[in-house]
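What follows is a set of notes on a single structure, which appears directly below.
The values are calculated or read from the model by the stated rules, or taken from the named source; none is laboratory data. The structure presented is a predicted model; accordingly, all values stated were derived computationally and were not measured. Using ideal geometry, Cβ is built from the backbone for each residue, glycine included, and neighbour counts are taken over all protein chains shown.
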């Protein structure tokens, strides 16, 4: 299959992820959106890597997977801290500092 | 391809920081109560060790040398900023212990995270490859998210951390996608030099521009440039105050270092700089918007911490002018940016240090009115704060004045940027207004309630050191800019 298909899919994934972060007010869904964004980037990286016959893209994808895991760990920990304080992860209610 | 372990010696500062961070994590498990204070000293020792390693490496770095198959580079620009980051970490470790003890969350992990974040910053500034850039940015950012949210008793801390984390991770999404686009369109290049060599072919595809601008958007988030700044005021206000200083100074300086290096090598081709779609014109508009919006928002703030947060946004705007000027070929712009980063780092850390000093567990005293009477009660601290605020406003004889002076002079050399200099000068005059509000409150108004600041010997030492640094940068700017200037000669 041509690389273009994969690129289109990767861009769609990226857009869904972006929309998830920007539009949904639940912090958990926003976290999932971020994962989708990263996966979109990964898929594009792999598609290019296959097309060019170059291994660097594959290695980069592994590094991104590891980074995504580290990010999820820190993100969930912060989410737990937020939930402990106010029994909700709704971002619209996180307004202590709005003036 | 072989691995030569002796290359590691060139990165001794980073390795010392990481090693000491791990040591603190180990020691923390055995630490009880009072012995936690010793953990901060371990961190300080690590910073001093890293500073010695930087000074030792300075002479050998006159010519840039790359290591690890072009992943990392050692040059004077990197070492200059390394010194700035490590100094920022050192000062944070001086300010933090009394503050953490007062607020009741003194954990060894805090000091370890400061060191890990600093190691990330060092990696960012040495990176000449998209992989090392990504790893450096993430190491720095993840540690910064944790530091923002580590104040367990405070709801604001968790709230600031979640906003910082979501926006930061969102930016990472853009960074990764942008890198994938650049990788594909350049035919498999990830190193800055490789990308630069393939730009003429790569620009045939619009995807390359998409990748380039996605990477710039991600770095724009990290420096809190308008319109990617919305996380900054909340994250800065929510974070423990010493961390706010560290983020506003170190994280921002590292991201600026990355921008300067990336735009100066990978995206330096005239095909990408000029024209309406080139990054020079885009960043010039962003610079004007960042300064203006940051200042306008700061004027309306009564909370000193938030005021300084918005002021740090406007400083990102001034710095962008230097980045644009350097892209347009002004040779003196890069040293000017580096000098500005150094003076801004010390000034910001000092200002947030005073904000950390003034409050206590039950009364944070964050509002401008709460600062009334500090001038008579504690003249030395009031004098230091006045110095920091004047330096932020760009009033002589402080480091901040010369920072702005060098930056604007560099921008004046490019006729296309004259309008931007006018905007910047008007902005810095406006900014003096809100900085002076705090000074007026300290000196000319009577205190309503007694001052009970967070005392601590290390905090006093930190304030003294930052004040001396700001004054020295104002008295001997030529020497420092020469260190920075030796960088610009390639």
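Looking across B:235, B:287, one residue alone is surrounded by 23 or more Cβ atoms within 10 Å (Cβ to Cβ) and within 30 Å of residue B:206 (Cα to Cα). It is B:287. Checking each residue in the range A:60-83 for being more than 18 Å from the chain's Cα centre (by Cα) and facing another protein chain (nearest Cβ under 8 Å) picks out A:81, A:82.
Residues are listed down the side, and each one gets a yes or a no for (1) assigned to a helix (DSSP H, G or I); (2) farther than 18 Å from residue B:324 by Cβ; (3) outside the structural domain of residue B:89 (by TED's automatic domain parsing); (4) touching a residue at least 60 places away in the same chain (Cβ under 8 Å):
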| site | (1), (2), (3), (4) |
| --- | --- |
| B:204 | no, yes, no, no |
| B:227 | no, no, no, yes |
| B:235 | yes, yes, no, yes |
| B:242 | yes, yes, no, yes |
| B:249 | yes, yes, no, yes |
| B:254 | yes, yes, no, yes |
| B:260 | yes, no, no, yes |
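Of everything in the range B:185-194 that is touching a residue at least 24 places away in the same chain (Cβ under 8 Å) and closer than 21 Å to residue A:11 by Cβ, the residue that is farthest from the other protein chains (Cβ to nearest Cβ) is B:185. Residue check: is residue B:208 more than 11 Å from chain A (Cβ to nearest Cβ), assigned to a helix (DSSP H, G or I) and touching a helix residue (DSSP H, G or I) at 6+ places or on another chain (Cβ under 9 Å)? So residue B:208 fits the description; yes.
Entry remark, the range A:34-49: residues being more than 7 Å from chain B (Cβ to nearest Cβ) and more than 25 Å from residue A:74 (Cα to Cα) number 3 in total. Here residue B:279 passes the criteria (1) farther than 21 Å from residue B:140 by Cβ; (2) under 17 Å from the mean Cα position of the chain (by Cα) except the one numbered (2).
Residue check: residue B:227 meets all listed conditions (1) surrounded by fewer than 24 Cβ atoms within 10 Å (Cβ to Cβ); (2) over 19 Å from the mean Cα position of the chain (by Cα); (3) more than 9 Å from chain A (Cβ to nearest Cβ) but one, namely (2).
Restricting attention to the range B:1-14, the residues being in a helix (DSSP H, G or I) and without any contact (Cβ under 8 Å) to a residue 24 or more places away in the chain number 4.
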